[in-house]
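Q: Below you will find the structure I want to go over with you.
The values are calculated or read from the model by the stated rules, or taken from the named source; none is laboratory data. Quick caveat: nothing in here was measured; it's all calculated off a predicted structure. Here the Cβ positions follow ideal geometry from the backbone for every residue, glycine too, while neighbour counts run over all protein chains shown.
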Amino acid sequence: MLNEPVGRPMEILLVEDGLVDARWTMAALAKGPVRNRLTLVRDGLEALDFLRRKDRFARAPRPDLILLDLLLPKLDGLGVLAEIKGDDDLKSIPVVVLTSSDEVEDRLRSERLGVESYITKPVDLDKFLTVIKELRHFWFKDLVLPPVD
């Protein structure tokens, strides 16, 4: 009874156009220590519609964490990141970049925009799970526990 999870799973938005990478990320998260519910969107414009709860995403949950590829169709990941960090309603959501881009300029622009972590694919599973564990504090920071009798 003591080890049963309490509360809701972490809501994760995965913004990834590659199905192989998406499957890998989902499998890695399933092996990790954080219960989660993951939503996959496949391009930058779809990601913004989800985050702003537009059209078919009107009832979408607010993510606790965004996993963002940079090399996306329609609007690239840096454009999505700039929109997120420039929006007062969205900028508090932690973003982890998962990308095959090893360009120094992409990393610097991501850091200037306020990304929480930048991980280059292929991703080391242990490193990835460590980042997710460290980001749990963003999810738990507003959690209020009932007083102990």
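Q: Quick check on segment 99-119: of everything there that is polar (S, T, N, Q), touching a Ser or Thr at 6+ places or on another chain (Cβ under 8 Å) and crowded, with 17+ Cβ neighbours inside 10 Å, which residue is modelled with the highest pLDDT? Can you show your working first?
A: Residues of segment 99-119 that are polar (S, T, N, Q), as a first pass: 99-101, 110, 117.
Filter again for touching a Ser or Thr at 6+ places or on another chain (Cβ under 8 Å), leaving 99-101.
Still in the running and crowded, with 17+ Cβ neighbours inside 10 Å: 99, 101.
Values: THR99: 85, SER101: 78.
By that ranking, first place goes to THR99.
Q: Considering ASP76, ASP89, ASP69, which residue is within 19 Å of ALA27 (Cβ to Cβ) and at pLDDT 90 or above? Working first, answer last.
A: Details: ASP76 fails: within 19 Å of ALA27 (Cβ to Cβ); ASP89 fails: within 19 Å of ALA27 (Cβ to Cβ).
The conditions single out ASP69.
Q: Follow-up. Tell me which strands (runs of 3 or more DSSP E) are completely within segment 1-94 and hold 2 or more residues being touching a residue at least 60 places away in the same chain (Cβ under 8 Å) and either among the aromatic types (Phe, Trp, Tyr) or crowded, with 17+ Cβ neighbours inside 10 Å (or both), or say none if there are none.
A: 10-15
Q: What single numbered condition from (1) assigned to a loop (DSSP other than H, G, I, E, B); (2) modelled with pLDDT under 80; (3) surrounded by 15 or more Cβ atoms within 10 Å (Cβ to Cβ) fails to hold for ASP142?
A: (3)
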